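S.K.: Here it is, the structure, as structure tokens.
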Amino acid sequence: MRYVSTRGAAAALGFEDVVLAGLARDGGLYVPESWPAIAPDELRRWESLSYADVAVEVMRPFVDGISEDDFAAIVHETYAVPGVFHQAAVTPLRQLDAGEWLLELFHGPTLAFKDVALQLLGRLFEHILKKRGERITVVGATSGDTGSAAIEACRDRENVTIFMLHPHGRVSEVQRRQMTSVPSANVYNIAVQGTFDDCQALVKAMFNDHAFRDRLNLAAVNSINWARVLAQVVYYFQASLALGGHDGRRIDFSVPTGNFGDVFAGYVASRMGAPVNKLIVATNVNDILSRALRSGDYSRGTVQPTISPSMDIQVSSNFERLLFDLYGGDGARIAALMDDFAATGRLAIGNGQVTDASRLFAATRIDEDETRATIAHVLRHNATLIDPHTAVGVAAGRKLRTGPEVPLVSLATAHPAKFPDAVQAASGIYPGLPPHLADLLTRPERYEILPNDLKSVQDHIGALTQ
């Protein structure tokens with residue numbers, strides 16, 4: 001399997017190089033040259049497998065440079081039972097109602113879906129770097145959950161130094177402390193005086209500064225890194241298998257999303273042959289993705305802070321991967337579109353591409369009142385406490401699901417204890433942290449507050465990696 005850039009000008013790479021590269025040198029994102037197809041009889045064989053075994057089967061066609069035995073060992077170490085995750089199923093399904101389920105993705109060490117992919121990515125980094133005798137500097141941006149999951153995956157790994165940028169004052173206290181209370185010597189946190197989009201732009205600018213990138217051997221943990229997306233493909237297959245997908249039953253998935261990574265993983269699963277009926281793209285009031293998929297209006301607005309802060313995004317990096325497919329793999333066309341978007345903040349998607357996307361995707365915007373009402377309703381009628389991001393997904397799924405004959409799976413992306421104040425305000429219940437994080441709010445913190453300025457951030461990172 002080879003990987004090409006969505007902007008068409010960077011060299012094609014193998015899997016190991018893509019894992020370490022993150023962003024392509026032409027500013028694009030790496031995607032596979034082709035999508036492997038999983039035959040229906042293979043799905044029937046997978047129905048009785050463990051999560052780790054399904055993960056090996058799903059990801060194996062995308063991996064080269066790592067032996068089959070080594071890759072299987074890495075995957076099994078990541079998803080071993082007992083192990084890193086606190087549920088034997090890793091991503092268990094919880095039934096809410098007739099034909100309606102939550103896919104719980106928050107049973108990892110930092111209580112968010114990002115653990116599912118980043119625990120694997122940290123081990124891939126370690127394996128590849130040890131084999132090559134290299135070290136890397138990981139630089140990432142977070143709207144709340146990626147940061148703690150990436151830090152947890154990279155902490156204390158001898159060939160990795162990690163710098164995580166988060167928007168100052170725009171993540172929950174639990175999210176911040178999960179990052180800033182980690183005492184490991186290879187972990188650094190930067191609070192940027194700006195939005196998540198500003199943090200993401202700084203990271204992309206650092207990768208596009210090739211001299212800086214090469215001097216520090218930068219690597220990415222955000223979902224611009226293909227391995228992040230790949231690991232998330234697995235739970236779409238696993239959930240489908242649990243609900244009869246191996247016998248042809250098709251499933252609607254509702255995905256709360258800001259950066260389009262998690263829902264793009266669902267798209268990949270569909271392209272491979274998973275029985276996905278509809279992917280429902282659920283946004284909060286920062287609705288660039290909803291507008292783009294409904295009307296072709298991909299235009300950047302002002303980020304509005306919400307009670308679902310991990311989705312407070314107006315530039316959705318992974319959407320470029322979908323555009324690349326919708327425009328037939330025309331890298332030059334995507335490069336021109338993204339250059340125009342960078343210059344003007346607007347991108348008009350063609351009517352034909354919008355129509356093609358609508359065959360799989362539906363999208364809607366959920367406002368703050370709807371989010372709070374959904375938290376309260378799910379507790380009252382389904383005896384389940386959910387976080388605000390999950391509530392966005394549940395609300396959108398209930399609006400746009402195909403019908404009661406098609407199972408609806410909403411992705412539960414975070415534990416409610418990550419957003420206790422918002423959950424309490426909506427439900428009257430203050431969700432407590434699990435035992436392994438019980439003392440989180442009293443742990444000492446360590447981070448730097450920096451301006452939204454590329455030179456300041458680069459100088460800070462450069463000084464600490466000399």
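S.K.: Of the options Val354, Phe125, Gly99, report the single residue whose Cα projects farthest towards the positive end of the charge dipole of the chain (beta-carbon charges: Lys, Arg +1; Asp, Glu -1).
M.R.: Looking along the dipole axis, the top candidate is Val354.
S.K.: Work out the length of the dipole vector of segment 24-137 about its Cα centre, built from +1 on the beta-carbon of each Lys and Arg and -1 on the beta-carbon of each Asp and Glu, and round it to the nearest 20 debye.
M.R.: I would put it at about 440 debye.
S.K.: Amide H to amide H under 5 Å from Gly329: which residues, 5+ apart in sequence or cross-chain, H placed 1.01 Å off N in plane?
M.R.: Excluding prolines and chain starts, which carry no amide H, there are no hits.
S.K.: Figure the gain on full extension for Ala205 and Ala9 (residue separation times 0.36 nm, minus the Cα-Cα span) and round it to one decimal in nm.
M.R.: Taking Ala205 through Ala9 to full extension adds about 68.8 nm, to one decimal.
S.K.: Would you list, by chain and number, the lysines whose Cα falls below 27 Å from the Cα of Lys455, excluding same-chain residues fewer than 8 positions away?
M.R.: Of all the lysines, those that pass the test against Lys455 - Cα under 27 Å, at least 8 places apart if same chain - are Lys204.
S.K.: For segment 91-99, take each phi angle, set θ = phi - 60°, evaluate the Karplus expression 6.51 cos²θ - 1.76 cosθ + 1.60, and give the result in whole Hz per residue in order, putting x for glycine and proline.
M.R.: My calculation for segment 91-99 gives 10, x, 8, 10, 7, 8, 7, 4, x Hz in order.
S.K.: Now for a separate question. Let me check the size of the chain from its C-alpha atoms; what are the radius of gyration and Dmax in Å?
M.R.: Calculated on Cα positions, Rg and Dmax stand at 20.4, 60 Å.
S.K.: Which FRET efficiency, nearest 0.05, do Asp64 and Glu42 yield, Cβ-Cβ r, R0 25 Å?
M.R.: With a Förster radius of 25 Å, E is 0.80.
S.K.: Would you mind checking which residues have amide H under 5 Å from Glu100's amide H? H placed 1.01 Å from N; only 5 or more apart, or other chain.
M.R.: Result for Glu100 returns Leu408.
S.K.: Which of the lysines could a cross-linker span from Lys278 if the Cα-Cα distance has to be under 21 Å and same-chain partners fewer than 8 positions apart are dropped?
M.R.: Result set, ordered by chain and number: Lys399.
S.K.: Run through segment 369-456 and list the GluC sites (Glu not before Pro) located in a DSSP loop whose Cβ has at most 13 other Cβ atoms within 10 Å.
M.R.: In loop regions of segment 369-456 (DSSP not H, G, I, E or B), the sparsely surrounded GluC sites (Glu not before Pro) are Glu405, Glu445.
S.K.: Step through the residues of segment 197-210 one at a time and calculate ³J(HN,Hα) from phi using the Karplus curve (6.51 cos²θ - 1.76 cosθ + 1.60, θ = phi - 60°), rounding each to whole Hz and writing x for Gly and Pro.
M.R.: Coupling constants for segment 197-210: 4, 5, 4, 5, 5, 4, 5, 5, 5, 5, 5, 7, 8, 5 Hz.
S.K.: Hey, can you grab everything whose amide H is under 5 Å from the amide H of Asp26? Only 5+ residues off in sequence or another chain; H modelled, so Pro and N-termini drop out.
M.R.: Here Ala10 satisfy the definition.
S.K.: Further, regarding this structure: Can you compute the charge dipole magnitude of the chain about its Cα centre, using +1 on each Lys and Arg Cβ and -1 on each Asp and Glu Cβ, nothing else charged? Give it in debye, rounded to the nearest 20.
M.R.: Computed about the Cα centre, the dipole is about 320 debye.
S.K.: So if we plug the beta-carbon distance of Val81 and Asp459 into 1/(1 + (r/R0)^6) with R0 = 56 Å, what FRET efficiency do we get, rounded to 0.05?
M.R.: E(calc), rounded to 0.05, equals 0.80.
S.K.: Per residue of segment 262-271, what does 6.51 cos²θ - 1.76 cosθ + 1.60 with θ = phi - 60° give for ³J(HN,Hα)? Whole Hz please, x for Gly and Pro, Karplus curve as stated.
M.R.: Listing the rounded values in order: 5, 6, 5, 4, x, 4, 4, 4, 4, 4 Hz.
S.K.: Turning to a different aspect of this structure: Using +1 at the Cβ of each Lys and Arg and -1 at the Cβ of each Asp and Glu in the chain, identify which of Leu289, Thr413, Pro167 lies farthest towards the dipole's positive end.
M.R.: Leu289
S.K.: Another question about this same structure. Along Cα→Cβ, 7 Å out, is where each label goes; now give me the distance between the ones at Asn382 and Asp439 in nm to one decimal.
M.R.: According to this spin-label approximation, the distance is 3.6 nm.
S.K.: Something else about it: What's the exposure ranking of His460, His210, going from fewest to most Cβ atoms within 10 Å?
M.R.: His210, His460
S.K.: So for the chain: antiparallel DSSP bridges make up what percent, rounded to the nearest 5?
M.R.: 25
S.K.: Something else now. Label points 7 Å out from Cα along the Cβ direction at Ile429 and Gln304: separation in nm?
M.R.: Placing both labels 7 Å beyond Cα along the Cβ direction yields 2.9 nm.
S.K.: Checking the cross-link filter: which lysines have an alpha carbon closer than 21 Å to that of Lys418, excluding same-chain neighbours under 8 positions apart?
M.R.: Within the straight-line limit of under 21 Å, Lys418 reaches these lysines: Lys114.
Each reported figure results from applying straightforward, stated rules to the coordinates on display, with no laboratory input. Not measured: the values here are computed from a predicted model. Cβ coordinates were reconstructed from backbone atoms using ideal geometry, including for glycine residues, and neighbour counts include every protein chain displayed.
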